[in-house]
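Below is one structure, written out as structure tokens, with a few remarks after it.
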Ligand SMILES: [Zn+2]
């Protein structure tokens, strides 16, 4: 028997949304951005379900271009992870995608505000590099994303301290700089 196409089990929706949010969180943690909270039930707010202000990392980075690349990776990883499960996009995910669209616009505008380029039309190269990085990171950290999404689906939300503790216990370290340099797509 097959289910009608619009009917997706609630638990399945929940784990799919959790996977999307976990992907954002893992990129943020790999990039050394503060993640103040991940919450499955907070998706309808303007910032989506992951509270992360990547611009706080500007001083520590001392490299605006690198930071902008990674901010695009942070945004795009959500859509990329959804591509593996494109059937039946839920309302929650649609709201989250809208927040992601706004976030990518913000990255473009920030690149202009920081004088990296003269106009948002010239930010496509940054966006492409960010997209590639997100794609590589999913290949490398797929199991880690999956693991965090299971935890998130179970808990509903994860605060900063718990997330950091979880990350230290579960993530094997590697260099994001190295990942940015590799040629495999
Ligand atoms: Zn998202």
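The values are calculated or read from the model by the stated rules, or taken from the named source; none is laboratory data. None of these values were measured; they are calculated from a predicted model. For neighbour counting, all protein chains shown are included, and Cβ atoms are generated from backbone atoms with ideal geometry for every residue, glycine included.
Observations, loosely collected:
- Residue check, residue 8 within 12 Å of the ligand (Cβ to nearest atom) and modelled with pLDDT under 95: no
- Whether a residue is modelled with pLDDT under 95, more than 18 Å from residue 91 (Cα to Cα) and in contact with a helix residue (DSSP H, G or I) (Cβ under 7 Å, 6 or more places away or on another chain) was assessed, and residue 30 does not pass this test.
- Taking the listed residues 91, 106, 41, the one that is at pLDDT 95 or above, within 27 Å of residue 163 (Cα to Cα) and surrounded by fewer than 16 Cβ atoms within 10 Å (Cβ to Cβ) is 106, with no other qualifying.
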